[in-house]
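J.: Below: one structure in structure tokens.
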């Protein structure tokens with residue numbers, strides 16, 4: 001009988017990178033990678049968007065708030081294995097276009113990823129909220145006023 005090996009945290013992270021850049025509907029955390037009891041935490045997010053318990057809760061929240069970005073680049077800054085084989089710590093930068101204005105934006109992130117049996121059991125992400133807020137609040141005329 002052939003043995004099956006569950007995907008490692010690094011392999012799951014690589015799948016996430018590809019999912020973010022998909023042109024046919026990018027997604028931050030694809031449903032097929034999430035454990036049924038996944039916990040998604042974004043401690044710096046506004047209240048009401050900081051913690052989701054379970055795949056259904058995350059997907060419901062995510063579906064109700066379409067991303068106002070089209071991501072074009074996923075730049076990996078650092079990927080650190082930990083003493084726990086299920087856990088990976090990643091630092092990355094996403095660059096894209098704000099779909100409501102057509103303007104570019106970039107933000108940095110640090111995340112802790114725990115994978116159990118080839119599925120994401122925990123995704124805790126710390127976001128550069130000032131960069132995200134700036135990107136979302138810029139208007140095309142703001143660019144003509146800023147020094148280059």
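The values are calculated or read from the model by the stated rules, or taken from the named source; none is laboratory data. A quick note: this is a predicted structure, and the numbers were derived from the prediction, not measured. Using ideal geometry, Cβ is built from the backbone for each residue, glycine included, and neighbour counts are taken over all protein chains shown.
J.: Return only the number of the condition from (1) farther than 18 Å from residue 115 by Cβ; (2) in a strand (DSSP E or B); (3) touching a helix residue (DSSP H, G or I) at 6+ places or on another chain (Cβ under 8 Å); (4) free of Cβ contacts under 8 Å to residues at least 60 places away in the same chain that residue 52 does not satisfy.
T.: Unmet for residue 52, out of (1) farther than 18 Å from residue 115 by Cβ; (2) in a strand (DSSP E or B); (3) touching a helix residue (DSSP H, G or I) at 6+ places or on another chain (Cβ under 8 Å); (4) free of Cβ contacts under 8 Å to residues at least 60 places away in the same chain: (1).
J.: Here is a check on your reading of the model: is residue 61 touching a residue at least 12 places away in the same chain (Cβ under 8 Å), in a strand (DSSP E or B), under 16 Å from the mean Cα position of the chain (by Cα) and closer than 23 Å to residue 130 by Cα?
T.: No.
J.: Go through (1) within 21 Å of residue 136 (Cα to Cα); (2) in a helix (DSSP H, G or I) and name the single condition residue 16 misses.
T.: Among (1) within 21 Å of residue 136 (Cα to Cα); (2) in a helix (DSSP H, G or I), residue 16 violates only (1).
J.: Also: With (1) in contact with a strand residue (DSSP E or B) (Cβ under 8 Å, 6 or more places away or on another chain); (2) part of a loop (DSSP other than H, G, I, E, B); (3) modelled with pLDDT of 90 or more as the list, and residue 40 as the residue in question, which single condition is left unmet?
T.: All conditions are met except number (2).
J.: Residues of the range 17-35 being at pLDDT 90 or above and touching a strand residue (DSSP E or B) at 6+ places or on another chain (Cβ under 8 Å), which ones?
T.: Once the filter is applied, which keeps residues that are at pLDDT 90 or above and touching a strand residue (DSSP E or B) at 6+ places or on another chain (Cβ under 8 Å), the range 17-35 yields 17, 33, 34, 35.
J.: Scan the range 112-128 and give yes if some residue there is free of Cβ contacts under 8 Å to residues at least 60 places away in the same chain, surrounded by fewer than 19 Cβ atoms within 10 Å (Cβ to Cβ), over 17 Å from the mean Cα position of the chain (by Cα) and more than 22 Å from residue 50 (Cα to Cα), otherwise no.
T.: no
J.: Only one residue in 50, 70 is in contact with a strand residue (DSSP E or B) (Cβ under 7 Å, 6 or more places away or on another chain), surrounded by fewer than 15 Cβ atoms within 10 Å (Cβ to Cβ) and under 19 Å from residue 100 (Cα atoms), so which one is that?
T.: Answer to the selection: 70.
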